[in-house]
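Peer 1: The structure's right below; bear with me while I get my questions together.
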Amino acid sequence: MNGVILRWPVPIGTTINAQYYKKVLQDKLRPAIQKKRPGLLESGILFHHDNAPVHTAWAVTDVLAGYKWELLEHPRYSPDLPPCDFHLFLKMKEHLRGQRFETEEDIIQATKVAIKNLDKCSYVTAFKDWLQRIEKCANSGGCYVE
């Protein structure tokens, strides 16, 4: 809820598979947490991603287990419970709407600005909305909720 820790644009033409995701976790996310939130790695990470095969692959779950990060379970087949960043994408899109970009670097820079312009309230709202949806899902026995 304290803002973005890592913004990592996937290079054009890159296939996102378990090996790629594992490398991003090891070489990008973990060092970014160490840099931006000193002490968080020692106090404990509560980590969430959906059930995409790349996230549930052995190579990835093995790395996360080694980090001793607590994984939040994501209910199967729950399109109503997207990770929190989907809510934040809407806010980012508001900032980017109507702009035209000449290069990939222009897109990356505009995205950086859009993320920086998100206020703490946007993050708090996104996480609160997500938690409410999880509670609704749990209270309905895992059924789809609107």
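The values are calculated or read from the model by the stated rules, or taken from the named source; none is laboratory data. Bear in mind the structure is a predicted one, so any value in this text is a computation, not a measurement. Backbone-built Cβ (ideal geometry, glycine too); neighbour counts: all protein chains shown. Please note that ligands, DNA and RNA were not included when accessible areas were found on the heavy atoms of the full protein model with its side chains. Shrake-Rupley method; radii C 1.70, N 1.55, O 1.52, S 1.80 Å.
Peer 1: For the range 108-128, name all the residues that are touching a residue at least 12 places away in the same chain (Cβ under 8 Å), open to solvent by 60 Å² or more (accessible area, probe 1.4 Å) and part of a helix (DSSP H, G or I).
Peer 2: Lys112, Val113, Lys120, Thr125, Phe127
Peer 1: Then there is this: Go over the candidates Pro31, Pro75, Pro11, Pro82 one by one and state the one that is modelled with pLDDT under 85 and either open to solvent by 80 Å² or more (accessible area, probe 1.4 Å) or more than 20 Å from Ser122 (Cα to Cα) (or both).
Peer 2: Among Pro31, Pro75, Pro11, Pro82, only Pro75 is modelled with pLDDT under 85 and either open to solvent by 80 Å² or more (accessible area, probe 1.4 Å) or more than 20 Å from Ser122 (Cα to Cα) (or both).
Peer 1: Give just the number: which of (1) closer than 17 Å to Leu71 by Cβ; (2) among the acidic types (Asp, Glu); (3) not in a loop (DSSP other than H, G, I, E, B) does Asp50 not satisfy?
Peer 2: With respect to (1) closer than 17 Å to Leu71 by Cβ; (2) among the acidic types (Asp, Glu); (3) not in a loop (DSSP other than H, G, I, E, B), Asp50 is out only on (3).
Peer 1: Restrict the check to the range 1-21 and report whether at least one residue is assigned to a helix (DSSP H, G or I), among the aliphatic types (A, V, I, L, M) and touching a Phe, Trp or Tyr at 6+ places or on another chain (Cβ under 7 Å).
Peer 2: no
Peer 1: When you go through (1) farther than 19 Å from Ile33 by Cβ; (2) among the charged types (D, E, K, R); (3) modelled with pLDDT of 80 or more; (4) open to solvent by less than 80 Å² (accessible area, probe 1.4 Å) one by one for Asp62, which number turns out not to apply?
Peer 2: The failed condition is (1).
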